[in-house]
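Below is one structure; the comments refer to it alone.
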Amino acid sequence: MGLLQSLSHALGLGKGMDIEEYMDTIELENVDMMHEAADFYVKPVALESEADAKVIAEELKNKNLILLNITPMKKNEAKLKMIVNELKKFVTKIDGDIARIDEDKILLTPSRVKIVKSKRTK
């Protein structure tokens, strides 16, 4: 019996649920029990298609911040550039902000939330 099977058996998991499913379920349950509902959220989104831009726009309209992972779209540089330009126009229109965090991540904010993009000198 493998380690995961032993652990699954010890945790009382049925044959229909593996340890990853169990951990995902526990994390979701714990978030609900440990945290009160928030006014706004930071939501991770993987950019896989143009349709994701619409999801991002809706989340920004709902005042949520988006941590965008562009890795899935990097193989199509032209489409990535087009989508990012659309998102830039959208956040400008709603008085939000956009900034690249690293090679794979972009932060998008809703209206009236700005990103400090450079350090101030004294």
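The values are calculated or read from the model by the stated rules, or taken from the named source; none is laboratory data. Because the structure is a prediction, the values reported are computed rather than measured. Glycine gets a Cβ as well: all are built from the backbone with ideal geometry, and neighbour counts include every protein chain shown. Quick note on the areas: whole protein, heavy atoms, side chains included, nothing else; ligands and nucleic acids left out. Shrake-Rupley method; radii C 1.70, N 1.55, O 1.52, S 1.80 Å.
Things to note:
- Scanning the range 76-122 for residues that are within 22 Å of TYR41 (Cα to Cα), of a type outside the set (D, E, K, R) and in a helix (DSSP H, G or I) yields VAL84, LEU87, PHE90, VAL91, THR92.
- Every listed requirement among (1) surrounded by 13 or more Cβ atoms within 10 Å (Cβ to Cβ); (2) at pLDDT 95 or above is met by GLU58 save one, (1).
- Residue count for the range 83-122 satisfying the condition of being at pLDDT 95 or above, open to solvent by 80 Å² or more (accessible area, probe 1.4 Å) and not charged (D, E, K, R): 1.
- Any hit, the range 48-71, residues being touching a Ser or Thr at 6+ places or on another chain (Cβ under 9 Å), in a strand (DSSP E or B) and free of Cβ contacts under 8 Å to residues at least 24 places away in the same chain: no
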